[in-house]
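Structure, as structure tokens:
Rule-based calculations on the coordinates, nothing more; no lab input. Remember, predicted model here, so these are calculated numbers, not experimental data. Cβ placement follows ideal geometry from the backbone for every residue including glycine, while neighbour counts extend to all protein chains displayed.
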Amino acid sequence: MVALHFAPQKPSPFKLRPYQAQVVESVHQQLKTDQRQRVLVVAGTGAGKTVIASHLTQDFLLQNKKVLFLVHRDILVKQTVSKFTHLPHGIIAGRHQLNLSQPLQVASVQTLGRKGVEWLNHHFPFDIAIFDESHLTNWFNFSLELFPRLPLSQDDHTICIGLTATPWRRSKYQAMGDLYQSSVFAPLPGELISQGFLVPFAYFSIGKVEKKGLRIRNGEYETVKLKVRCNTPEVIQHIVNEWLDKAKNRPTIIFSIDIEHAQAIAQAFNNQGISAASVDGTMKIGDREKIYEQLAQRKIQVVCSCEALSEGFDVPIVSCVVLARLTTSKAKYIQQIGRGARITPDGEKRDCLVLDAVGLVEEFGFFEDISYEDLELRTSENKPDHKTPPPMKNCPKCQQLILGSLQVCSNEKCRHKFSPQYEIHAPKKLKLVIPESSRQKYQHYQKLIKQAYQNQTSFINADNLFKSTYGHYPPASWRKGAIFGDNPSETDQKNYLNYLKLLVKKHQIKTPNWVENNCWEF
């Protein structure tokens, strides 16, 4: 190989945390054992996947390696390139001018899919490929041609590294263990919360939901069926009311079924005088970024998304995530609530609320309970040789045998309409749900809050005592009910207001609306 004599023009803008340095070192150790190794790096929200990727890339360039860094869509190239400004790079995407002389190429799988593997091997014979969001990018046809499923062929000497926060696929016939031989883990979300790198969560959920009558198509619930349940004025207003009760004034993102649903939710918030906007995948990335910036600057309070916030979204002040659509994907669920996990540079954000209006917490569990076992590499099931025939049913009117999924008889002379297979119930109130792993913490904090009230001392002392024990502040929502239970009397409320006024006087608190903002016992 001809030496490239590469040296970074600028020092890396990213400083490694100790565990990030360990991840980088572990990847290098894996590659030393086998130069044909494929290594999957699993680093969840807030673990610093960007920092890890940047240092790995710089290390490879210093070894005179040519690096291909792949993202899954053209619109993500600009965001990705901003991470590599200290490294000499070219871009293979869309209308960007090619500069293939650079040892690092940031490439869109979309564009490379159009150009083909032969074009890439001829114009940029790379040594190392790094797949960002590898649970997506590795499964494009182009990517599978470049790096087929295991086992490796004898002539495959190219290193492949995957980066992902959620190493899961919806299809049971696809798994990351089909492509990668080993994995390296950053600390789990629960560990990062304890270390203060992510904020803790408080969950409010409707619990288990009835799914009878819902159909799955291409691995996801059918949109039409979901809209019947979720895109109604009653359900949408219920979401607004729950937000006003539990999350008022919190910068919020809401995940919806489709564009119409996102727009309807945003309009419902605006009708209540709460500034809201909707974003979707059909919008130009620049238009989306303007809305994200408005949210970051608190010019709007709520952003409703239809398949848009999974890309290019980084607004750490978000402290409430509303789940307003069902999904079959655990990866999507984790990505959605993870958008609220980041800490803020000023340290003012202490927690994130999850308002689960569709029962996903019950199905997929809690963000902080993700384990190494959940993330380990697994191989997929083998596809059956023969397809299972679709379920059939008889029309009760004409007795014709038709597909079980049809809601109207396919006999043109009959056209019998089938009644829904499920009942549409009134929306359920969201209730606080405590993970089993956090129950002891929750009970301890409620005890500290009650003691602070009984001693007429500040509940801030309870917060600090909690942090000294567990390494992070508790969710503010855990305070509710600690002093008087779920149904405080008028006398209780009066006494509590007097307690807050005493704290204002005693500690000379001058924050506007401080008393109103701390009426969490009402």
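Taking amide H as placed 1.01 Å from N in the peptide plane, the amide H of residue 304 sits under 5 Å from that of 254, 277, 278, 279, each at least 5 places away or on another chain. Computed 3J(HN,Hα) for region 156-162, one whole-Hz value per residue from the Karplus formula 6.51 cos²θ - 1.76 cosθ + 1.60 where θ = phi - 60°, is 8, 10, 9, 7, 10, 10, x, glycine and proline marked x.
Sequence-distant contacts, meaning Cα pairs under 8 Å at least 6 residues apart, place the relative contact order of the chain at 15 percent.
Residue farthest toward the positive end of the dipole of region 18-187, with Cβ of Lys/Arg at +1 and Asp/Glu at -1: which of 98, 45, 29? The residue sitting most towards the positive pole is 45.
For the chain, what does the helix formula give at 222 nm: sum of -39500 (n - 2.57) over DSSP H segments with n ≥ 4, over the residue count, nearest 500 deg cm²/dmol? Rounded to the nearest 500, the figure is -10000 deg cm²/dmol.
Remark on the chain: 160, 230, 304, 306, 320, 352, 519 stand apart, with no other cysteine beta carbon under 4.7 Å.
Pairs exceeding a 29 Å alpha-carbon distance, out of 211/299; 15/441; 332/383; 83/332; 248/506: 211/299; 15/441. Residues in region 323-333 carry Karplus couplings, in order, of 9, 10, 9, 6, 8, 8, 9, 5, 4, 5, 4 Hz; the curve used is 6.51 cos²θ - 1.76 cosθ + 1.60 with θ = phi - 60°, and Gly or Pro positions show x. Taking amide H as placed 1.01 Å from N in the peptide plane, the amide H of residue 357 sits under 5 Å from that of 323, each at least 5 places away or on another chain.
For the residue pairs 225/417; 429/480; 208/467, the C-alpha atoms sit more than 23 angstrom apart in 208/467.
If you wrap the chain in the convex hull of its Cα atoms and look at it from every side, the mean projected area works out to 29.9 nm².
When only Cα pairs under 8 Å and 6 or more residues apart are kept, what is the percent relative contact order across region 83-164?
Values: 87 pairs, mean separation 21.1, N = 82.
RCO, region 83-164: 26 percent.
Largest first and in whole Å, the equivalent-ellipsoid semi-axes of region 18-187 read 21, 19, 17, each the square root of five times a Cα gyration tensor eigenvalue.
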